[in-house]
Amino acid sequence: MNIYLAGPDVFRPDALAHAEAARRLVASHGHWALIPLDNEATTAAEIYRANLAQIAAADLVIANLNPFRGFEPDSGTVFEVGYAVAAGKPVLAFVDDDRPLADRLAGYLGCDLLHLGERLVDGDGMSVENHGLPLNLMLGIPLRIVRGGLEQALQALAADAA
């Protein structure tokens, strides 16, 4: 199976070494990794088109949806996930913390969330999703989300196939 690996890992200082380790891990599970760093694109438009071509060539996307530069997942990764879902590709995601979004947000903000009637709100009065999902419902509903990393996602994939 061709698996596109989406995530902010391309920004790591050790991105190439990390990509090679991920490639070996995916291969050890009998699959082929498609990694954004595989292409030779250099401009933003070329990188965009190359990543979409890799998603199109993939049988499945595995996405790192851990928080990146804040509380939410990387916006580019979320776009890739949405693109894959729209194309009918299955997406398996992993997160380090799979507690409900409201619980994680309270910890991130370092404060209690307020209950205003039926609504749960943050300190700014903004509503907080409270559906018991680990991510926004637009990710939590269509994706299979596992706790852990790439290894745990690959194990879940194998368990699903069994």
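The values are calculated or read from the model by the stated rules, or taken from the named source; none is laboratory data. All values derive from a computational prediction rather than experimental measurement. Don't worry about glycine lacking a Cβ; one is built from the backbone with ideal geometry, like all the others, and counts go over all protein chains shown. Ligands, DNA and RNA are stripped out before the accessible areas are found, and what is left, the full protein with its side chains, is counted by its heavy atoms. Shrake-Rupley method; radii C 1.70, N 1.55, O 1.52, S 1.80 Å.
Observations, loosely collected:
- Karplus-derived HN-Hα couplings along segment 7-18 (A = 6.51, B = -1.76, C = 1.60, θ = phi - 60°), whole Hz, x at Gly and Pro: x, x, 4, 5, 8, 5, x, 10, 4, 5, 5, 4
- Loop trypsin sites (Lys or Arg not before Pro), segment 1-83 (other Cβ atoms within 10 Å of the site Cβ: 12 or fewer; DSSP): Arg69
- Among Ala58, Ala19, Ala27: highest mean-square fluctuation, GNM of the chain, C-alpha pairs under 10 Å: Ala27
- Bridge type composition, segment 2-87 - antiparallel percent by DSSP, nearest 5: 10
- Dividing the summed helix terms, -39500 (n - 2.57) for each DSSP H run of n ≥ 4, by the number of residues in the chain produces a 222 nm estimate of -12000 deg cm²/dmol to the nearest 500.
- Rounded accessible area per residue of the chain, 1.4 Å, Å²: 55
- The chain, relative contact order in percent, only Cα pairs under 8 angstrom and at least six apart counted: 22
- Sulfur and carbon atoms: percent of accessible area, the chain [1.4 Å]: 57
- Considering only the chain, percent of DSSP beta bridges that pair antiparallel, nearest 5: 25
- Entry for mean projected area of the Cα convex hull in nm² (calculated from the structure that is shown) out of (1) 8.5; (2) 15.9; (3) 10.6: (3)
- The C-alpha atoms of the chain define a longest principal axis, and helix 44-57 lies at about 80 degrees to it.
- Once the chain from Arg12 to His29 is taken as fully extended at 0.36 nm per residue, the excess over their C-alpha distance is 3.7 nm.
- Contour excess over end-to-end distance, with Cα ends at Asp98 and Ala44 and 0.36 nm allotted per residue: 16.2 nm
- The amide H of Ala63, built 1.01 Å from its N in the peptide plane, has Ala6, Leu92, Ala93, Phe94 as neighbours under 5 Å, considering only residues 5 or more places off or on other chains.
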